[in-house]
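Heads up, the thing below is written out as structure tokens.
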Amino acid sequence: MCSKKEANPLHSLTFKLTLWYVGLFGALSLAVFILLYVTLSNNLYHRVDENLAREAQEFEGLYLKHGRKALAEEFNREAHSEGINRIFFRLVSPDGQILVSSNTTQWSGLHSRLKSPNLSPQDKVLFRTLALEVNHRRFRLLQKRLTDANVLQIGYALQKNEALMAKYRRVFAGTLIIMVVCGGIVGWFVARRAMSGVERVTRAAQSISRGDLSMRVPLGREGAEIRRLALAFNEMLEKISALIKELQDVTNNIAHDLRSPLTRIRGIIETTLTGKPDLPAYREMASSVSEETDRLINMINTMLEIAQTEAGLAKLSKSPVDARAIITDASELFEPVAQDKKIILEVDLPAQPLEIIADVPRLQRAVANLLDNAIKYTPEGGKVVLSARERNSTAVISVADTGIGILEADFPYLFDRFYRGDKSRSQPGSGLGLSLAKALVEAHGGRIYVSSTQGKGVTFTISLPLHSTS
Ligand code: ADP
């Protein structure tokens, strides 16, 4: 179940990624726009200054050549052609007296604003941006000291420039909003696409938690990370499925195979109890029940050992050992049984030691299980050969008999827990010996396999890595 917080799209990673994207995109666009705006504004004011300087140059030439009267005429002509509200020209004395001026009726408050030229003796030309006191209209002022120490003043209203800059600002703001919105939409789709793989894994996990273990995450094309996540998730699912199957098998085994001895025990008790009360019958019952329970305990212990060994939980105390010693011990142990059944037990060992790393009692148990089967499933007069040799850096131990053999159809199931071949039903057994041998051999890093020629017995082979001393 997901909490309210997790279900809220505002808490999703997709939303957060989109926010990041929009934030970064917006900040970058804003920086670009600010840079563009400052450059534009500088260019505009630079052009105004250039024009003012050019005009001042022309007026200076005229003044020096033709005097004040000609300057006054040119002032008025220029002011009228440009617009008397947009430009003014003045010639003032160093103490601020106006000597010549264009029409400045549209520039109220100008005289008080420019009482004196305010031009230091070392300044030849000075540009300033000022605002009129009355209506706060801003203008650019050029002051130029002429050779006779009088000062030429040209003022240019900045209204038009400011209106243009305000227009730029509006266009920039509008474009920025559109870009951020479009960026947000694109960011949302990109983030959604990137997260779709994670979404698939989540859907698979949800479906598994509802019990559908067959679900696998389809591999998309979002990128290597998501692909790896999906692969790791599918691999984990395979493992979980295998473990659950194992668990089901064990449960089924318990249900099937432990039930029969229990039913037998119950049957013995019931038969005895329904008969006449009789001490010898009770004794017999107690002895049978004890035998059956021993068998049951053995089976349970073996099952536990197999499960623990297969899961890698059994602690093996391994040490270097000569495989030939394990075989000799096993043959000595089974010699009396073989003799009882009139079976020849032959041992064939190499002259050189076969050093392997093993938990001796456990490996002995695996070999003993094979030897026990070989003697059990070989009729009187038969032969069992226990041999060892070195092959391709492995120690190969084999137990071959001339017994009843195994049908090829049984091969795939031989090492399954509780599996018993049809031909061997007449013999006692639990069907656990080979599974335990396999689990033990594999815990030693080895392999176990079987070969049989119908009617000519069977050979079980164990191969184990040789201990390399180099
Ligand atoms: P059990 O011997 O107790 O039945 P195992 O797990 O040791 O259980 O063996 C499983 C089955 O494999 C046996 O029931 C038998 O059918 C077959 N089998 C094992 N070893 C031999 C053998 N040497 N010859 C013939 N059949 C064998």
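List of remarks:
- Computed helical MRE - 222 nm, the chain, DSSP H runs ≥ 4 contributing -39500 (n - 2.57), nearest 500: -19500 deg cm²/dmol
- Taking amide hydrogens as placed 1.01 Å from N in the peptide plane, the amide H of D359 sits under 5 Å from those of S319, each at least 5 positions away in sequence or on another chain.
- Here the Debye sum runs over all C-alpha atoms of the chain as equal scatterers in vacuum, and log10 of I(q)/I(0) at q = 0.06, 0.10, 0.11 Å⁻¹ comes out as -0.58, -0.94, -1.00.
- Relative to the longest principal axis of the Cα atoms of the chain, the long axis of helix 360-376 lies at roughly 50 degrees.
- Leading residue at positive end of dipole, the chain (Cβ point charges), from L296, N51, A230: N51
- V337 paired with E238, simple spin-label distance in nm, labels 7 Å along Cα-to-beta-carbon: 3.9 nm
- Three principal axis lengths of the stretch 319-465 [C-alpha, angstrom, descending]: 40, 30, 25
- Efficiency of FRET from Cβ geometry, L30 and R216, R₀ 41 Å, rounded to 0.05: 0.35
- Environment charge of S196, counting only residues whose C-beta is closer than 15 Å and scoring Lys/Arg +1, Asp/Glu -1: +3
- Unit charges on C-beta of K, R, D, E only; dipole of the stretch 75-193, Debye: 600 debye
- Distance from the stretch 108-158 to the stretch 304-326 (C-alpha centre basis), Å: 103 Å
- Inter-label distance, nm, simple model (7 Å from Cα along the C-beta direction), Q206/Q106: 7.1 nm
- Other residues within the sphere of radius under 9 Å centred on the Cβ of V151, judged by their own Cβ, net out at +3 (K and R +1, D and E -1).
- Think of each Lys and Arg Cβ as +1 and each Asp and Glu Cβ as -1; about the Cα centre, that makes the dipole of the chain roughly 3180 debye.
- Convex hull of the stretch 224-310 built on C-alpha atoms - directionally averaged projected area, nm²: 7.0 nm²
- Distance from the stretch 22-72 to the stretch 419-470 (C-alpha centre basis), Å: 99 Å
- Length released on extending from H136 to A255, taking residue separation times 0.36 nm less the Cα-Cα span: 32.9 nm
- D123/R170 FRET efficiency (R0 51 Å; Cβ-Cβ; nearest 0.05): 0.85
- Relative protection proxy for 208-220, 191-203, from highest mean packing down: 191-203, 208-220 (other beta-carbon atoms within 10 angstrom).
- Local electrostatic count at L349 - Lys and Arg +1, Asp and Glu -1, tallied over other residues with Cβ under 9 Å: +1
- A simple spin-label model places the labels of Q97 and V347 14.1 nm from each other, with each point 7 Å out along Cα-to-Cβ.
- A dipole drawn for the chain from +1 and -1 charges on Cβ atoms has a positive end, and of L152, G187, P121 the residue lying farthest that way is L152.
FYI, it's all coordinate maths here, none of it is from the lab. Keep in mind it's a predicted model, so treat the numbers as computed, not measured. As a convention, Cβ positions derive from the backbone with ideal geometry for all residues, glycine included, and neighbour counts pool all protein chains shown.
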